[in-house]
1. Please report, ordered by residue number, the helices (runs of 4 or more DSSP H) entirely within segment B:81-178 with at least 1 residues that are at pLDDT 95 or above.
2. If I filter segment B:133-142 down to residues being surrounded by fewer than 23 Cβ atoms within 10 Å (Cβ to Cβ) and of a type outside the set (D, E, K, R), which single residue comes out as nearest to A:Asp35 (Cα to Cα)?
3. Residue by residue through segment A:10-28, note down the ones that are farther than 19 Å from B:Gln79 by Cα, within 10 Å of another protein chain (Cβ to nearest Cβ) and open to solvent by 30 Å² or more (accessible area, probe 1.4 Å).
4. Quick check on segment A:42-68: of everything there that is in contact (Cβ under 8 Å) with a residue 24 or more places away in the chain and open to solvent by 20 Å² or more (accessible area, probe 1.4 Å), which residue is farthest from the other protein chains (Cβ to nearest Cβ)?
5. Would you mention how many residues in segment B:15-34 are open to solvent by 70 Å² or more (accessible area, probe 1.4 Å) and either under 21 Å from the mean Cα position of the chain (by Cα) or closer than 24 Å to B:Gly192 by Cβ (or both)?
6. Any idea which of B:Glu266, B:Glu280 is of a type in the set (Asp, Glu) and open to solvent by less than 40 Å² (accessible area, probe 1.4 Å)?
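The values are calculated or read from the model by the stated rules, or taken from the named source; none is laboratory data. Since the structure is predicted, the reported quantities are computational estimates derived from the model, not experimental observations. In this analysis, Cβ positions are derived from the backbone assuming ideal geometry, glycine residues included, and neighbour counts consider all displayed protein chains. All accessible areas refer to the heavy atoms of the entire protein, side chains included, with ligands and DNA or RNA removed. Shrake-Rupley method; radii C 1.70, N 1.55, O 1.52, S 1.80 Å.
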Amino acid sequence: MNPIERLTPIFRDVFEAPDLVVTSGLKADDVRNWDSLNHINLVVAIEAEFGFEFTADELGSMTNVGDLLKILEARGFGTA
Amino acid sequence: MSPTHPVSAGASLRQFESSLSEQFPYLGRIVERSMETFGPPWAERFDAELRACFGGDSRRVARAARGYAMFSLDAMRLQKKFEKTRRYEPKSYEQASAEVYLNRDYMLDLYLPGILLSHYLWPHHYRQLQFFHDRFVPRLDGLNVPEFFDVGVGTGFYSRNLLAALPGARGRGFDISEHSKAFAERLVAAGGFADRYRVTLADVTARLAGTARVVCSVEVIEHLEDPVRFLKALAGMLDPAGVGFITTALTAPNADHIYLYDDVGEVLEQLEEAGFETVELREEAAYEPRRNEPVPRVAAFIVRRRGGAS
């Protein structure tokens, strides 16, 4: 599975949006429930799925799913 | 000299929100959400807190915002593990002291700023503060209080609130951590109360000398291996005519949480065993559970010594 395929069920679960389509351009304004608490939930769920902890700098660079994919790629999880 | 923003009403809050958002996109939304939940009084109180603590110094605001974000993230990481195990990671008080209270970098960069800001940014912590102001402080009216004790001062946040509520009283704080002592004394000084306050380094699990008409201990007992022993000592420090404010965290793992409280009844039993009578309590959750999972909660207790003045 590529990273987007692994991320999709996480996003759908955290944001309680079973039909959510995860693309690299997806950002908080596009998703209902993407508030600060759910953002932390999302980060922790992604860490659990991929088995690492984000650094503060990585978290700071994350403004949309595309940024997240770049971080995952840099950590060796392949490209979307 | 560090860069500063002009300081006026609301400016400190905007500065903090901007700093948090710049460093952690999306986390700054907590400010807007809290404003919606708690309204202008929250904004005014938090703005004043930020102004007193940081005075517009953008470097210090940024450092505190970063500490808060990482503290919150760490807490949620532990919470997710806790949802599966329903246990705190086994740790002795000595281990927690070494890893947290005596660890300068962790205390000053993450733990203390994180806790301080959480009093406004975590809904259950802010509701606990509201309970303190709305229900505990009015009970101090007419109570002659020359001195109060804050046992386990942490950030000094509640010490400072007590100093503001008791303009004629001196405050004595106790804590095991020299970093907490320094942080608390700075926080109290920023509020203009330095001449009425001092913190003594002490093992808070040992019985401390003297009694006071007001005793406060905020989120300490979950950090201990034997809370009842501590509570008995605390009861001994409370004057029979006095009143106490004791809080704890429930189902809320943290790097230094040792004693797991699953429900508030267990705390009530321990308070009673220690010699306290609970006059009023408030329990608050951090957020609504989604699938019946345990969520972090706090419980605050207004207490008297059993057999003391009613």
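1. Helices (runs of 4 or more DSSP H) meeting the threshold: B:112-121, B:123-131, B:157-165.
2. B:His133
3. Matches in segment A:10-28: A:Glu16, A:Lys27.
4. A:Glu49
5. Going through segment B:15-34, the residues open to solvent by 70 Å² or more (accessible area, probe 1.4 Å) turn out to be B:22, B:29, B:32-33.
Filter once more, so that each one left must be either under 21 Å from the mean Cα position of the chain (by Cα) or closer than 24 Å to B:Gly192 by Cβ (or both): none.
Residues in segment B:15-34 being open to solvent by 70 Å² or more (accessible area, probe 1.4 Å) and either under 21 Å from the mean Cα position of the chain (by Cα) or closer than 24 Å to B:Gly192 by Cβ (or both): 0 in total.
6. Numbers: B:Glu266 fails: open to solvent by less than 40 Å² (accessible area, probe 1.4 Å).
On inspection, the qualifying residue turns out to be B:Glu280.
Okay, residues lined up against (1) at negative phi; (2) at pLDDT below 90; (3) within 11 Å of another protein chain (Cβ to nearest Cβ):
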residue: B:Thr37; (1), (2), (3): yes, no, no
residue: B:Glu44; (1), (2), (3): yes, no, no
residue: B:Cys53; (1), (2), (3): yes, yes, no
residue: B:Ser58; (1), (2), (3): yes, no, no
residue: B:Ala69; (1), (2), (3): yes, no, yes
